[in-house]
Structure formats: C-alpha cells, structure tokens
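Undergrad: This is the structure I want to talk about, given as structure tokens.
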Amino acid sequence: MRRLLMAGPDFSLAAVDPPSTPGFDGGKKEGAAALAAGADVLSSLQEKLFAESRAGREIAVLLVLQGMDTSGKGGILRHVVGLVDPQGVQHHAFKAPTEEEQHHDFLWRVRRRLPEPGVIGVFDRSHYEDVLIHRVRGLSAPDEVEKRYPAIRSFEEEIATSGTRVLKVMLHISKDEQKARLAERLERKDKYWKYSPGDVDERAYWEQYQEAYEAVVERTSTPDAPWYVVPADRKWYARLAVQQLLTATLEDMQLSWPRATFDVEAEKRRLAAS
C-alpha cells in the first residue's frame with residue numbers, strides 16, 4: 001500500500017481516483033476488521049518510541065495531514081491516532097496566524113510545535129496552508145509563494161536530520177463527495193458545529209486548489225519527506241491507509257525496548273525481601 005500511495009516523480013493528482021482503494025481488495029467490513037487488527041501493533045510501536053526517548057534517543061514522528069474540508073482529518077485523529085497512548089501524541093491544527101506570528105517567518109510558529117522526542121506529532125493542517133490557500137486566494141504575492149517551496153524542503157530536511165521522521169499525507173476527496181458530506185452536516189443537529197458557510201465559498205476555487213495541491217506534492221516531495229496521496233472518498237479506507245503508513249514509518253525506525261539500567265536479578269531479590 002505504501003508503494004502505491006507514494007507520489008512519484010511523474011505524479012498527477014488527476015490520475016488518483018478518490019473512491020479507489022489501492023492495495024486493499026476488501027470492502028468496508030473487511031477494512032474495519034483490518035483497522036482493528038492493526039491497532040495493537042501501532043500502539044506497541046508508539047510505546048517503544050516513547051520508551052526509547054526516555055532512554056536518551058532523540059527520535060520522533062511528525063504526521064502531516066492535509067486535505068480539502070471534509071476530507072476526513074478528524075476521523076484519522078479519532079480512529080487511528082486515537083488508538084495509541086495519548087501521552088505520546090502532540091496534536092496541533094494551524095489556524096490563521098496571530099499578530100505575533102505575522103511578525104515572523106511563516107515557519108517560525110511551526111518550529112515551536114514540532115514533536116518532542118518520543119512523541120508522534122500530528123499537524124491537522126500545517127505549514128502547507130502557507131502555499132496552498134496563499135496561492136489560491138492570493139494572500140501572498142506569487143514570488144513569495146515561490147520562495148516557500150524550497151524553504152519547506154530545507155526545513156523538512158533539517159527535521160529529518162534531527163531524528164524526526166516526516167510522514168506527509170494528502171487526503172484526496174472528490175468534489176461530489178465533499179458536497180455530500182457538507183449536506184449531511186446540514187441535516188444533522190450534531191454536525192452543525194462542523195459546518196462553515198466558508199466551505200461553500202471555497203468550492204468555487206476547487207480546480208485552483210487541485211492545481212495547488214499537485215504543485216505542492218511535486219515540489220516538496222523528497223526522499224526524506226515524501227508525500228503519500230490517499231484516496232479519501234471511502235473514510236474506512238483512508239483510515240486504514242494512514243494506519244498502515246504510520247505503522248510502516250515506525251517499523252522503519254527499528255525500535256526496541258530499552259535495556260534495563262539496573263541489575264534485574266538483584267532487584268527481584270530485593271523486591272521479594274521487601
């Protein structure tokens with residue numbers, strides 16, 4: 001699945017079918033079962049990551065989630081990241097910059113939210129908003145947006161060199177599916193809080209956002225911080241895919257339980273005598 005979802009050098013967003021399920025032949029029922037079956041493995045790996053940091057290793061994971069509104073970022077947080085020990089997770093959703101943040105480089109506020117050693121950091125929206133919405137809505141001059149692509153590549157290379165694995169996921173939803181999900185929010189009182197009239201306004205720029213996302217993936221996907229584009233029309237598949245990507249990322253780190261820093265047998269005898 002990871003190989004199929006990774007954006008290669010000839011990446012085309014139009015070639016990714018949002019309802020498809022690359023690397024998985026089953027349906028919703030089988031997908032839910034696979035997600036449940038993978039929970040213990042992911043949880044154990046996360047605990048090893050946390051334990052190794054307590055033994056002195058400067059390692060962490062940064063999961064970057066990007067996607068159009070309703071693409072399922074919240075569901076990923078609940079159904080995938082939510083299955084691990086919360087003390088080992090740091091979550092942040094970047095909103096419009098504050099007055100203080102506007103006085104700094106666009107990456108200043110991002111650096112302040114990078115995960116601590118032993119932690120899975122999750123950016124629900126991220127520094128990529130500064131090249132996506134800024135490009136589409138003209139919030140920054142085109143030449144300023146152009147400067148940000150290499151700045152992001154250098155920033156992520158620095159993160160990776162420091163010991164943090166960078167996992168970048170674009171949840172790719174179709175315009176029709178987004179419309180259906182927005183309509184559902186208007187039909188359910190328990191979903192009103194998730195609805196924003198601005199979401200409909202942004203739909204007028206759908207094609208421009210698709211072009212902006214394709215440019216982001218093409219220009220900031222690197223060996224140390226590749227992009228994975230996950231078809232997201234089927235929520236169950238997107239959750240399973242992100243779980244497998246996160247599990248594979250942790251497995252690549254070759255984590256293990258730290259060795260005891262004390263004489264185990266001696267401590268057993270002391271405990272028995274106490």
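The values are calculated or read from the model by the stated rules, or taken from the named source; none is laboratory data. Note that the coordinates shown come from a computational prediction; the quantities given were computed from them, not determined experimentally. Glycine also receives a Cβ, built like all others from the backbone with ideal geometry; neighbour counts cover every protein chain displayed. Accessible surface is based on the protein model in full, side chains and every heavy atom, while ligands, DNA and RNA are left aside. Shrake-Rupley method; radii C 1.70, N 1.55, O 1.52, S 1.80 Å.
Undergrad: Apply the Karplus curve 6.51 cos²θ - 1.76 cosθ + 1.60, θ = phi - 60°, to the phi angles in segment 100-110 and return the couplings in whole Hz, x for Gly and Pro.
TA: Rounded to whole hertz, the list is 5, 5, 5, 8, 10, 4, 4, 8, 4, 6, 6.
Undergrad: Please give the calculated 222 nm ellipticity per residue for the chain, where each DSSP H segment of at least 4 residues contributes -39500 (n - 2.57) and the sum is spread over every residue; nearest 500 deg cm²/dmol? Walk me through the intermediate numbers first.
TA: Details: 12 runs with 138 residues, N = 274.
Counting only the DSSP helices, I get -15500 deg cm²/dmol.
Undergrad: Quick one: which residues, 5 or more positions from Val166 or on another chain, have an amide H under 5 Å from its amide H? H modelled 1.01 Å from N in the peptide plane, none for Pro or chain starts.
TA: Leu62
Undergrad: Next question, about the same structure. Shape call for segment 182-243 from the C-alpha gyration tensor, a ≥ b ≥ c root eigenvalues: rounded (a/c under 1.5), prolate (a/b greater than b/c) or oblate?
TA: Details: a/c = 3.15, a/b = 1.53, b/c = 2.06.
Verdict is oblate for segment 182-243.
Undergrad: Then there's this: Mind putting a number on the dipole of the chain about its Cα centre? Charges go on the C-beta only, +1 for Lys and Arg and -1 for Asp and Glu, and I need it in Debye to the nearest 20.
TA: Details: 39 positive and 43 negative charges, 183 e Å.
With Lys and Arg at +1 and Asp and Glu at -1, about 880 debye.
Undergrad: When the convex hull of the Cα atoms of segment 104-248 is projected onto a plane and the area is averaged over all directions, what value comes out in nm²? Intermediate values should be presented prior to the final figure.
TA: On the way: hull surface 40.1 nm².
Taking a quarter of the hull surface, the average projection is 10.0 nm².
Undergrad: Taking a label point 7 Å from the Cα of Ala260 along the Cα→Cβ vector, which residues of segment 53-82 have an amide N closer than 18 Å to it?
TA: Within reach of a label on Ala260: 55.
Undergrad: Check which residues have an amide H placed less than 5 Å from His91's amide H, if you skip close sequence neighbours.
TA: Here Val122 satisfy the definition.
Undergrad: Which whole-number percent gives the relative contact order of segment 171-274, counting Cα pairs below 8 Å spaced six or more residues apart? Kindly include the intermediate steps, with their values, before the conclusion.
TA: On the way: 36 pairs, mean separation 32.1, N = 104.
That works out to 31 percent.
Undergrad: Here is a further query. Quick check: the angle from helix 28-54's long axis to the longest principal axis of the chain, C-alpha only, nearest 10 degrees?
TA: In the chain, helix 28-54 runs at an angle near 60 degrees to the longest axis.
Undergrad: For segment 17-64, give the magnitude of the charge dipole about the Cα centre (Cβ charges: +1 Lys/Arg, -1 Asp/Glu; no others), in debye to the nearest 20.
TA: On the way: 5 positive and 7 negative charges, 29 e Å.
That gives segment 17-64 a dipole magnitude of about 140 debye.
Undergrad: Residue by residue through segment 9-19, which ³J(HN,Hα) values in whole Hz follow from phi under the Karplus form 6.51 cos²θ - 1.76 cosθ + 1.60 (θ = phi - 60°), with glycine and proline marked x?
TA: x, 9, 4, 9, 5, 5, 7, 8, 8, x, x
Undergrad: Quick one: with all protein chains in place, what share of the accessible area of the chain is carbon or sulfur, to the nearest percent (1.4 Å probe)? Provide the component values of the computation, followed by the final result.
TA: Numbers: 7150 of 14550 Å².
Percent of accessible area from carbon and sulfur atoms in the chain: 49.
Undergrad: Just the number please: accessible area per residue for segment 98-154, 1.4 Å probe, all protein chains included, in Å².
TA: Numbers: 2980 Å² over 57 residues.
Ligands and nucleic acids excluded, the result is 52 Å² per residue.
Undergrad: I'm a student and want to see the number: the projected area of the Cα convex hull of segment 13-165, averaged over all directions, in nm².
TA: On the way: hull surface 44.5 nm².
Averaging across all directions leaves 11.1 nm² for the Cα convex hull.
Undergrad: Using 19 Å as the Cα-Cα cut-off, could you pick out the over-long pairs in Lys147/Lys175; Lys29/Lys168; Lys194/Lys235; Lys73/Lys235; Lys175/Lys235? Don't skip to the answer; put the middle values down first.
TA: Numbers: Lys147/Lys175 30 Å; Lys29/Lys168 27 Å; Lys194/Lys235 17 Å; Lys73/Lys235 10 Å; Lys175/Lys235 15 Å.
The answer is Lys147/Lys175; Lys29/Lys168.
Undergrad: Each residue of segment 63-77 in turn: what ³J(HN,Hα) in whole Hz from Karplus with 6.51, -1.76, 1.60 and θ = phi - 60°, glycine and Pro shown as x?
TA: The phi angles translate into 9, 9, 10, 10, x, 5, 3, 6, 6, x, 4, x, x, 5, 4 Hz.
Undergrad: Taking only the alpha-carbon atoms of the chain, what semi-axes of the equivalent ellipsoid follow from 5 times the gyration tensor eigenvalues under a square root, in whole Å, largest first? Before the final figure, lay out the partial values.
TA: Details: eigenvalues 240, 111, 65 Å².
Result for the chain: semi-axes of 35, 24, 18 Å.
Undergrad: If R₀ is 51 angstrom, what is the calculated FRET efficiency for the pair Gln208 and Ser274, using the beta carbon separation as r and rounding to 0.05? List each step's numbers first, then the result.
TA: Details: r = 69 Å, r/R0 = 1.35.
With a Förster radius of 51 Å, E is 0.15.
Undergrad: Pull out the extension gain between Glu218 and Tyr192, defined as 0.36 nm times the separation in residues minus the alpha carbon to alpha carbon distance; nm, one decimal. Numbers along the way, then the final one.
TA: Values: separation 26, 0.36 × 26 = 9.36 nm, distance 3.57 nm.
Gain on extension, Glu218 to Tyr192, equals 5.8 nm.
Undergrad: Can you give me the long-range amide H partners of Trp227? Hydrogens built in the peptide plane at 1.01 Å from N, cutoff under 5 Å, separation of 5 or more residues or another chain.
TA: Ala7, Thr222
Undergrad: If one takes the longest principal axis of the Cα atoms in the chain, at what angle in degrees, from 0 to 90 and to the nearest 10, does the Cα axis of helix 235-252 lie?
TA: The answer is roughly 50 degrees.
Undergrad: In debye, nearest 20: dipole of segment 197-273 around its Cα centre with unit charges on the Cβ of K, R (+) and D, E (-)? Working shown, then result.
TA: Working: 9 positive and 14 negative charges, 143 e Å.
Dipole magnitude for segment 197-273 comes out near 680 debye.
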